[in-house]
Amino acid sequence: MAVPVFTLQLNHKLLPGRITIGKYDGSHSCLTAATTADKVLIHSPHRRLGSASQISGATTWSQVNKEISLLSVNRNVSAICAGRLHPELEQDILVVGTPSSVLAYNVENNKDIFYKEVVDGANVIVVGNLSGYEYPLALVGGNCSIQGFDYKGNDPYWTVSGDNVRSLALLDYDLDGENELIVGSDDFDLRVFKEDVMVGETSETEVATILAPLRGSKMAYALANGTVGVYNKLHRVWRVKSKNRAVSVLSYDIDGDGVEELVTGWSNGKVDARNSRTGEVVFKDNFNSSIAGLADGDYRLEGRSQLICCSVDGEVRGYDPSRLGTLMEGNVHQDAVRELLQKKQALLMELKNYESNTRSSGVQQSMNAGMIPAKTSLQTTVSINLGSKPKGVPHVELCLATNNETIIRAVLVFAEGIFAGETHVVHPRDEELTSTLKVELLPPRDVPLDIHIKALVGLPRTEQFHVFELTRHLPRFSMYTLTSVSEPLLDELPTNFVSFNISERVQRVILWINQNFLLSSELEPEAGGGSLSLSFIALRDGSPLNISMHSAGRVVISTSSMTLAGDLVQSLASFLNLSNLQVTAEFPDELAHLGEWLEKVSNLQEVRIQLGADLAHRAGLVRNLIVRAEDARLLPDLSSMREWHSQLREVNDDLINSYNIRCSNHNELLEILKQINLTIQKAARLRVGQNKADVVNLSRSALQNNNLHSLLKIVRTGEA
Amino acid sequence: MDPVFSALSLYKKRKFEECVTTCTELLDKNPFDQAVWVLKMRALTEQLYVDDLEAEEEGIAEAFMDNETIAESARPGTSLKNPGTSQGGSTQGYRPWTQTGRPVSGVVRPGTQTARPGTMEQALRTPRTSKTARPSTSQSARTIRLGTASMLSEPGGPFIQLSRINLGNYASKPALAKPLFLYILYHENSIRHALQLAVLATQACEFKDWWWKVQLGKCYFALGLMREAEQQFRSALRQHQCIETFLRLGRVYIRLDQPLSALDVCRTGLEYFPKETTLLTEIARIFEGLNNMTMSVKYYREIVTEDSTNVEAIACIGMHHFYTDQPEMALRFYRRLLQMGLYNAELFNNLGLCCFYAQQYDMTLSCFQHALSLAKDDDVADIWYNIGLIAIGVGDTRLAGQCLRLAISADSTHAPAYNNLGVLELRRGRVNEASAFFQAAASLAPYLFEPYFNHSSLSHKMGDLQASYIVIQKALEAYPNHVPSQELLRALEKHFTFI
């Protein structure tokens, strides 16, 4: 437990995760948080400390402007961030996101910088410089899209992501002195964008809800399942998992050693700081209620920043390294002693085991000692099972077998993202124990996987088992089974396909197929180069997939799923180290949808304006009636007051009805816009490098002009 | 003469009623004559057109039920809500405040009457005095009282049945759509239908006509959808810079209580239209609202150099000089107004006061005589009050008392008159009457600090320390920097601590 350097009570309920700190007058830090009453609270401690009564004729200052001032947003605040958005002002600008708009606001001067409607919503906002852009941007992550606004309210940055954006971070990922954008989205992916080109991608086991930059290219992340960890570039340095959820993650040098620690605020009210290299806890404290957020800023005007923690009840505590240094000292010693004692205990146990083993082996070959023949080995095969049984589903089968009479008691399979909870345990009943065991694997997504297997192997009727640990690699496209190899059909083209030209030999492509598909036997490249055509069947839904390549380097991938085609293109491109690839795509079904959606959007927009006007009109009526009713009340005219109120009730009911209609209209619109964004993203994934970024940008302008024809062309050819 | 031509000529001569009759006859003969139809629409619209920018006023309902404003307690000088807090502004000490909690302005505008009292009850009670009637909502505001035929029944049914008209048909024909829109907005005052038409029309011209965007913005503004209005005006300004659009965008920010943004907008407008007086007036008004009189007068002066007959600017500058102890300067400005042909009670009243303070006593009373002869019911009270003030100034308490009583008989809610009467009674030693007058004044005008202070110091002298303490706090609430009040409070507190 640490002693805070200050505590205070804001007396407002705060929303978790929506806390920021800004220097709105250019020098004093103000804690800023979203409250549950749809307001933004700004706490300015310096107003109490002085400077209030210096100006003559302004004593009302102390009455009107106390430490806490509130901003009415009147909509649910979904994201909040303060930062230097205006390149010429030495002040921080507050950017507030709601489900339908973004507001950049100059707190000091009570001035809007800009106000923008964003139909995709604003789930998360970060403010900062992004490589390739002249002015600082406020990057807004919404449903499947990321928009960057500059201080003029223009949006020079726009890109689509695979799913709803949950977290954003600006980080110098490739250490070139300029920030790249890291995006965490609902499809569990982390993507790195340099300008609008994606330069890195990795997959997590859950939605990354928080991303925070650490020093250098390191980045902290937190997942929805309670995992917190650190990435260096896209390599995980360490991670820990808790049953609570992390609400806020921040880098702050709490022990004063010059290296930032990773401070995490948890949903159960715990705050802890961990060493960013090892994950070791160096500091912790507990709040009575869930943490709302963390921030660091100079809150006591003493020239260095403190760590500020807020709970949802409005309790604020500040910590700084000065008091912590001595405090944690004692703990460190105690910890060290405890750790050493634990090690000693473990070693003693081990020694004891060895002793008993040697004794038993000397006296008799005991069954229950868990000895197994020395040559025992565990063989694993990964194959595709098409599910011949009536109930069986086609799946990837992991088959474990021992080479002698020993049995497999149980298997622990650990793989990310396949099973709920990451680990799967198979332990057959006693009478079914054999020397082989099959584990069903159903990877939900096409990602390369490392499966860590722990098998308990022993002789029958033994009580102790040997643990075999091994790791198998599951290729990326393991859920597709090869059905036939034939010569490519030159004439007829399938309805859904992508085609592109690569200047590579067929052998290289075969190599790629061997690596990325689960084949019963490796494909042998034909002697004369020639061409290639392979047919696969997807295990998930039984749809066909054909990959063919002509000797001239023309590759045709035919599948009905745009996502799969995109995955294949990306995988092939990274295998062949292609920097750019332009692709022709034909997905008539998806494109037909696109047309439908666009039309629907314009219809919905039209209705939306109507409904909005209707709503405003009724709201005007309500206001009028309230004033009249109030008027009647003041003039004790009860009969007309009664009349006004009954009218008011009717109008109010109408108002609620039309609100509900508008609400469903809005949700529908959101859903469709999401689908459109997704389609653009899929179309972009069919291309590589600059062509990929082009698709996004061109689609954007096509969408803005509502030009369906050009949008379809872009999706098809990648060019406008 | 061709009847269509004569109708057109009547329209140009602004003889709208006759124009309408001619058009009606023509339409009876040929109901499908679009030209005549449009002409009739134009004539009907022009008949009722009001300058909705000048007449714009925030209703009671908007003031209390809409909180579009972002900052609830903005930094002083950045909000119109708490003007008293700005730096360097005038205080109640030497420039009286109106009911609305603002320093009196040179001219009365709808906006200057917009108070922001604490509760709706207070706001509803205030307009009970006949002079400060405020609309309950801005949709039902002056536009209805000044214009709009929607309340009059027309012979033979309305000209256009809005519920039956197919707006989509007209939206694609700009020549018809624009007059129709103005007709719906100004004549029928049906914002919903107007908005519907504007939406369809702006789509029909592929969002390329800035005029429709401005009209959309107007509709949104009237409906209270400030953010939507802001977007439309901004988008219109990108296409075409127009003074009206700048003004309207500025109004949006004023409604959002962001005066600095509004000033920015007006200044941008001035870049396109240098020295444009309407924009300068808007800036001057905003500064006045912020209680930054120096800046306000600076802009009013700029207006006068451009337009030497601008009544508002001259009156405001005159007012400023008067309250900064330069009655001679003020006199010159008011005389200028007189030269321009302005001939009303208010002006003579001001002239009388200026003459008095500039020590031209011979002119003073004749000015007030003129004022009284010109006065209508609602300013008689003020004029008697001012004569009373002069009587006090020359030491004629008897005349003063009579004048003040006359003021009260003309307007029984004239709080300053009650206050002054109280002071007069006090001088005569009639303490109970004085106290009653002070209390009456305070209950009528809680925004004045003088009755509170007088009442409190009276109670203090009478030994009723508790009452004195309570009342002086109210005085300080109304005017926190009033030094005598502060001293009295300090003395009382000291006294209480001794006990």
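Look at (1) at pLDDT 75 or above; (2) within 14 Å of another protein chain (Cβ to nearest Cβ); (3) out of contact with any strand residue (DSSP E or B) (no Cβ under 8 Å at 6 or more places or on another chain) and you find that B:Val20 fails only one, number (2).
Looking only at the range B:186-199, which residues are part of a helix (DSSP H, G or I) and either more than 13 Å from every other protein chain (Cβ to nearest Cβ) or surrounded by fewer than 20 Cβ atoms within 10 Å (Cβ to Cβ) (or both)? Lay out the reasoning, then the answer.
Narrowing the range B:186-199 to residues part of a helix (DSSP H, G or I): B:186-188, B:191-199.
Selection gives B:Tyr186, B:His187, B:Glu188, B:Arg192.
When B:Ala315 is tested against (1) over 27 Å from B:Pro259 (Cβ atoms); (2) at pLDDT 90 or above, just one condition goes unmet, and that condition is (1).
Every residue, every condition in (1) closer than 19 Å to B:Glu228 by Cβ; (2) not acidic (Asp, Glu), yes or no:
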{"residue": "B:Pro174", "(1), (2)": "no, yes"}
{"residue": "B:Ala177", "(1), (2)": "no, yes"}
{"residue": "B:Phe181", "(1), (2)": "yes, yes"}
{"residue": "B:His187", "(1), (2)": "no, yes"}
{"residue": "B:Arg192", "(1), (2)": "yes, yes"}
{"residue": "B:Val199", "(1), (2)": "yes, yes"}
{"residue": "B:Glu206", "(1), (2)": "no, no"}
{"residue": "B:Trp212", "(1), (2)": "yes, yes"}
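The residues in the range A:508-527 that are modelled with pLDDT of 80 or more and either in a helix (DSSP H, G or I) or open to solvent by 80 Å² or more (accessible area, probe 1.4 Å) (or both) can be counted, and the count is 9. When B:Pro416 is tested against (1) farther than 23 Å from B:Val380 by Cα; (2) open to solvent by less than 50 Å² (accessible area, probe 1.4 Å); (3) not aliphatic (A, V, I, L, M), just one condition goes unmet, and that condition is (1).
Being modelled with pLDDT of 80 or more and open to solvent by 60 Å² or more (accessible area, probe 1.4 Å) holds for only one residue in A:Thr358, A:Thr436, and it is A:Thr436. A single entry from B:Leu489, B:Leu404, B:Leu426, B:Leu421 fulfils the requirement of being assigned to a helix (DSSP H, G or I), open to solvent by 50 Å² or more (accessible area, probe 1.4 Å) and touching a Leu at 6+ places or on another chain (Cβ under 8 Å): B:Leu426. For the range B:286-309, the candidate set comprises residues that are over 17 Å from B:His321 (Cα atoms) and crowded, with 20+ Cβ neighbours inside 10 Å; within that set, the residue that is nearest to the other protein chains (Cβ to nearest Cβ) is B:Leu290.
For the range B:133-147, does any single residue satisfy the condition of being modelled with pLDDT of 90 or more, more than 9 Å from chain A (Cβ to nearest Cβ), within 29 Å of the chain's Cα centre (by Cα) and surrounded by fewer than 21 Cβ atoms within 10 Å (Cβ to Cβ)? No, because not a single residue in the range B:133-147 is modelled with pLDDT of 90 or more, more than 9 Å from chain A (Cβ to nearest Cβ), within 29 Å of the chain's Cα centre (by Cα) and surrounded by fewer than 21 Cβ atoms within 10 Å (Cβ to Cβ).
Among the residues of the range B:255-285, those identified as touching a Ser or Thr at 6+ places or on another chain (Cβ under 9 Å) and more than 11 Å from every other protein chain (Cβ to nearest Cβ) are B:Arg255, B:Gly269, B:Lys275, B:Ile283, B:Ala284, B:Arg285. Residues in the range A:116-132 that are over 18 Å from the mean Cα position of the chain (by Cα), more than 14 Å from chain B (Cβ to nearest Cβ) and either closer than 23 Å to A:Leu703 by Cα or polar (S, T, N, Q) (or both): 2 in all.
The conditions of being within 11 Å of chain A (Cβ to nearest Cβ), under 30 Å from B:Ala201 (Cβ atoms) and at pLDDT 90 or above are not met by B:Leu223.
As a summary of the residue check, A:Thr32 satisfies the conditions (1) open to solvent by less than 10 Å² (accessible area, probe 1.4 Å); (2) away from every other protein chain (no Cβ under 13 Å) except for the one numbered (2). Which members of the range A:165-195 meet the condition of being within 15 Å of A:Gly689 (Cβ to Cβ) and more than 18 Å from the chain's Cα centre (by Cα)? Correct list: A:Glu195 only.
Considering each residue of the range A:669-681 in turn, at least one proves to be hydroxyl-bearing (Ser, Thr, Tyr), over 17 Å from A:Gln147 (Cβ atoms) and modelled with pLDDT of 85 or more.
Taking the range B:57-73 as the range and being crowded, with 21+ Cβ neighbours inside 10 Å, modelled with pLDDT of 70 or more and either of a type in the set (S, T, N, Q) or in a loop (DSSP other than H, G, I, E, B) (or both) as the test, only B:Ile70 passes.
Given the criteria out of contact with any Gly (no Cβ under 6 Å at 6 or more places or on another chain), under 30 Å from A:Phe477 (Cα atoms) and away from chain B (no Cβ under 14 Å), does A:Leu594 qualify? Working first, answer last.
Details: out of contact with any Gly (no Cβ under 6 Å at 6 or more places or on another chain): yes; under 30 Å from A:Phe477 (Cα atoms): yes; away from chain B (no Cβ under 14 Å): yes.
Judged against the criteria, A:Leu594 is a match.
For the condition part of a helix (DSSP H, G or I), open to solvent by 50 Å² or more (accessible area, probe 1.4 Å) and either within 14 Å of another protein chain (Cβ to nearest Cβ) or of a type in the set (A, V, I, L, M, F, W, C) (or both), A:Gln675 does not qualify. Hey, any hits in the range A:50-58 for a residue that's modelled with pLDDT of 85 or more and either within 11 Å of chain B (Cβ to nearest Cβ) or over 18 Å from A:Glu90 (Cα atoms) (or both)? Scanning the range A:50-58 turns up no residue that is modelled with pLDDT of 85 or more and either within 11 Å of chain B (Cβ to nearest Cβ) or over 18 Å from A:Glu90 (Cα atoms) (or both). For A:Ile113, the conditions (1) modelled with pLDDT of 85 or more; (2) farther than 30 Å from B:Glu72 by Cα; (3) open to solvent by 10 Å² or more (accessible area, probe 1.4 Å) all hold with the exception of (2). Pairs linking a residue in the range A:607-630 that is more than 9 Å from chain B (Cβ to nearest Cβ) and farther than 14 Å from A:Leu655 by Cα to a residue that is at pLDDT 85 or above and open to solvent by 20 Å² or more (accessible area, probe 1.4 Å), with Cβ atoms under 8 Å and 6 or more positions apart or on different chains, are A:Arg608/A:Arg662; A:Arg608/A:His666; A:Ala629/A:Met641; A:Ala629/A:Trp644; A:Ala629/A:His645; A:Ala629/A:Leu648.
Yes or no, residue by residue, for (1) open to solvent by 20 Å² or more (accessible area, probe 1.4 Å); (2) more than 28 Å from A:Ala573 (Cβ to Cβ); (3) touching a residue at least 12 places away in the same chain (Cβ under 8 Å):
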| site | (1), (2), (3) |
| --- | --- |
| A:Ser203 | yes, no, yes |
| A:Gly216 | yes, yes, yes |
| A:Met219 | no, no, yes |
| A:Leu234 | yes, no, yes |
| A:Val240 | yes, yes, yes |
| A:Glu260 | yes, yes, yes |
| A:Val263 | no, yes, yes |
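Within the range B:216-267, the set of residues being in contact (Cβ under 8 Å) with a residue 60 or more places away in the chain, open to solvent by less than 10 Å² (accessible area, probe 1.4 Å) and either part of a helix (DSSP H, G or I) or at negative phi (or both) comprises B:Leu223, B:Met226, B:Leu256, B:Gln258, B:Pro259. When A:Ala82 is tested against (1) in contact with a Phe, Trp or Tyr (Cβ under 6 Å, 6 or more places away or on another chain); (2) buried (at least 24 other Cβ atoms within 10 Å of the Cβ), exactly one condition is not met: (1).
Scanning the range B:368-396 for residues that are part of a loop (DSSP other than H, G, I, E, B) and open to solvent by 70 Å² or more (accessible area, probe 1.4 Å) gives a single hit, B:Lys376.
Each residue in the range A:162-191 was checked for being among the charged types (D, E, K, R) and assigned to a loop (DSSP other than H, G, I, E, B), and 7 of them qualify.
The values are calculated or read from the model by the stated rules, or taken from the named source; none is laboratory data. Note that the structure is predicted; figures quoted are calculated from it, not measured. Using ideal geometry, Cβ is built from the backbone for each residue, glycine included, and neighbour counts are taken over all protein chains shown. Heads up: the accessible areas ignore ligands, DNA and RNA and are worked out on the full protein's heavy atoms, side chains in. Shrake-Rupley method; radii C 1.70, N 1.55, O 1.52, S 1.80 Å.
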